[in-house]
Amino acid sequence: MERPWQKMYEAGVPAEIDYPEGMVVPDILERAAARFPNNPATIFPVAVGSRLLAGRLTYRDLDLATNRFANALIQLGVQKGDRVALLFPNSPQFVIAYLGALKAGAVVIAFNPVYTEHEIERQLNDCGAETVVTMTKWYPAIKQVQANTRVTRVIATNIKDYFHPVAALLFTLAKEEKEGFRVKLDPKDYSFKLMLQHSNDAKPQVRIAPDDIALLQYTGGTTGVPKGAVLTHRNLVSNCLQCVSWFTNAQEGKEVTLSIIPFFHMYGMMVAMLLTLFKAGALVLFPRFEIAQAFLAIDKYKPTIFPGVPALYIAFINHPDVHKHDLRSIKACLSGAAPLPQEVQTGFEMLTQGRLVEGYGMTESSPLTHANPLNGERRAGSIGVPVPSTEARIVNPENADEVMPPGSVGELAIKGPQVFQGYWNRPEESVNTLRNGWLITGDIARMDDDGFFYIVERKKDMIIIGGYKVFPRDIEEELFKHPKIQEATVIGIPHPKMGEVPKAFVVLKAGASATEQEIIDYMSQNVADYKVPRKIEFRDALPKTLIGKVLKRQLVEEEKAKAKQGA
């Protein structure tokens, strides 16, 4: 297949990645620890007044901790191929549990910490996890649903366990109980901290192969139904090597990554966590985004790499204190998960003097497939060109075997070593999404003559909220459970910071009455915060086709007309 995009690669980017024989994900850490044992791997800062106090782990510390966690899991009975669910924000514990579980031969499932109990239960039952590792703040939620799942082992850690000692003491006195981290564990459950203390740091004797499953990463995929994308060690290592090849100026042992983008999201897991570990860089970890603390971290640790989403960069650009801080250490930023506006790219580059470029990927592709060159030519509005060892083409949306010529608008299809194996326990949907090794993305796009790709529109009705991909169906299903609601549909409406937010159109049952706040409060109890509709519009009926399908496009156009009129 002709690959016109390869001539657009900057110097140093290979046409193909070179996959080391037998390499699996834990080897990324082990190689870094062998080369740079005393370099900082994780920096976990806490603001104390106007200062930052940080707990640190070197690469030797991190490698030994992951060995200890792996051996502890094996001692508890976790076997190769068992599913281990992680419910964490960014923290040293996430990195230890993630790599430790993989060293034990387990399959990792990374949960979003803002999931409701209902969402946690549904995902646990779908993946069949018997082991959950979580922070104490979310321990009560796990215990609430455990009886309805296959979970037999619950392991909990306190966020303060990897704080600087002074910060940990202050947290214990002032915040631990108030913020929900002080809990008493059931005698049948396990302390993460004690497990590591009583384990051994020898490398686990579990044989892991590149084609073993490493990860079940849940996504709405291309059809809107949450499901687990099956990703092997080969998929993840391949994409890590592809990312590494793109960051041509990254230096081993010298990079510092501002790790705000969450690791439980495929993009953060790869472009922040695994890429940094591969280059033996330092991860500056943020459990949640607080811009004042981020500014302090930039001042103190001088990050060089900052992967993010447009909403993050917008927050920095628009903050009144941004010019009080020197952001010029930041040299490379890859923006993903949502379209990057030109004014955001320009504004952030003026602040940093670094390069901010747009990329593209999907959970099903580990995730990165396309990116604009960091130091070469980039094109406004483009997601860039395919990364090394990746093929991409535009196909007829009605016939994926028909390849469209350059300039044509059609459906984006992708092929490469990073493309997933299919959906967990969903063979029919796997067949529909994978055609002869090609990932049919569901995104409508075009390719120019030089191999730059442009997303034209989404084939489905996905809403992208601050980088999170949300399907209206998830929200609609919960709306339909409300006893007063007869019909409901959800669309995305523009938002200056989040990109889009959900808006619900609701038809109440005959004789029923409800307020907008009542519906919003109900949804807040049943879906993650970012899925809660920000606006509710009550209607007597929803616009529909003759066969009864709701005309969402009509609603979208109505919203655009209102915005144009200043309503």
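Find the Rg to Rh ratio for the stretch 231-316, where Rh is the Kirkwood radius over alpha-carbon pairs and Rg uses the same atoms.
0.97
Enclosing the Cα atoms of the chain in their convex hull gives a volume equal to 164 cubic angstrom per residue. Here the peptides 560-566, 227-233 are ranked by packing, the mean other Cβ count within 10 Å, and the order with the highest first is 227-233, 560-566. Charged side chains reduced to their Cβ positions (Lys and Arg at +1, Asp and Glu at -1) give the stretch 115-229 a dipole of some 240 debye around its Cα centre. Which whole-number percent gives the relative contact order of the chain, counting Cα pairs below 8 Å spaced six or more residues apart? Computed over the chain, the figure is 13 percent. Once you have the Cα-Cα distance between residue 252 and residue 166, take 0.36 nm times their residue separation minus that, and quote the gain in nm to one decimal. Separation in residues times 0.36 nm, less the Cα-Cα distance, equals 27.8 nm. Both radii come from the Cα set of the stretch 292-381: Rg as radius of gyration, Rh as Kirkwood radius; their ratio Rg/Rh reads 0.97. Since only 208, 78, 551 are under comparison, the one whose Cα sits farthest along the positive direction of the charge dipole of the chain, derived from C-beta charges on Lys, Arg, Asp and Glu, is 78. With the convex hull of its Cα atoms as the shape, the stretch 152-262 has an orientation-averaged projected area of 12.2 nm².
Taking amide hydrogens as placed 1.01 Å from N in the peptide plane, the amide H of residue 280 sits under 5 Å from those of 253, each at least 5 positions away in sequence or on another chain. Calculated on C-alpha atoms, the gyration radius of the stretch 12-63 divided by its Kirkwood radius gives an Rg/Rh of 1.20. When each of the peptides 442-451, 359-368 is scored by the mean number of other C-beta atoms lying within 10 Å of its residues, the order from highest to lowest reads 359-368, 442-451. For the stretch 11-152, the Kirkwood estimate of hydrodynamic radius, built from reciprocal distances between every pair of different alpha carbons, is 16.9 Å. For the residue pairs 160/535; 484/562; 7/300; 103/254; 227/544, alpha carbon separations beyond 31 Å are given by 160/535; 7/300. What's the whole-number percent of alpha carbon pairs in the stretch 483-543 lying beyond 17 angstrom? Result for the distance tail: 38 percent. Think of the chain as a dipole: +1 on every Lys or Arg Cβ, -1 on every Asp or Glu Cβ, centred on the Cα centre; then among 270, 418, 463, 270 lies furthest on the positive end. Considering only Cα atoms, the convex hull volume of the stretch 423-567 works out to 187 Å³ per residue. Only the Cβ atoms of Lys and Arg (+1) and of Asp and Glu (-1) were treated as charged; on that basis the dipole of the stretch 319-390 about its Cα centre amounts to roughly 180 debye. Annotation: aspartates and glutamates with alpha-carbon distance below 17 angstrom to residue 324 (same-chain offsets under eight excluded): 290, 299, 349. For the chain, the 222 nm mean residue ellipticity estimated from helices alone, with every DSSP H stretch of n ≥ 4 adding -39500 (n - 2.57) and the total spread over all residues, rounds to -8500 deg cm²/dmol. As a length-normalised measure over Cα pairs under 8 Å and 6 or more apart, the relative contact order of the stretch 179-254 settles at 19 percent.
Computed over neighbours whose Cβ is under 10 Å from that of residue 314, the net charge equals 0, Lys and Arg +1, Asp and Glu -1. Which is farthest toward the positive dipole end of the chain among 238, 217, 442, measuring Cα position about the Cα centre, with Cβ charges +1 (Lys, Arg) and -1 (Asp, Glu)? Of the listed residues, the answer is 217. Near the amide H of residue 358, within less than 5 Å, lie the amide hydrogens of 335, 372, all on another chain or at least 5 residues away, with H placed in the peptide plane. Over the stretch 59-135, the pair-distance histogram of Cα-Cα distances with 10 Å bins from zero comes to 21, 51, 26, 3 percent, rounded to whole numbers.
How much of the pair distance distribution for the stretch 86-125 lies past 14 Å, counting alpha-carbon pairs only, in percent?
50
Our estimate of slack between residue 319 and residue 477, defined as 0.36 nm per intervening residue step minus the Cα-Cα distance, is 53.2 nm.
Placing +1 on the Cβ of every Lys and Arg and -1 on the Cβ of every Asp and Glu, with nothing else charged, gives the stretch 420-567 a dipole about its Cα centre of roughly 240 debye. Each Lys or Arg adds one and each Asp or Glu subtracts one; over the other residues with Cβ under 14 Å from the Cβ of residue 235, this totals -1. Out of every Cα-Cα pair that the stretch 190-252 contains, those further apart than 13 angstrom amount to 77 percent.
In a fully extended conformation the segment linking residue 551 and residue 408 would gain 48.8 nm over its present Cα-Cα distance, using 0.36 nm per residue. The per residue volume of the convex hull around the alpha-carbon atoms of the stretch 95-163 is 87 Å³.
Read the figures in this text as sums done on the coordinates, not as results from a lab. None of the values given here were measured: they were computed from a predicted structure. Neighbour counts run over all protein chains shown; Cβ positions are idealised from the backbone, glycine included.
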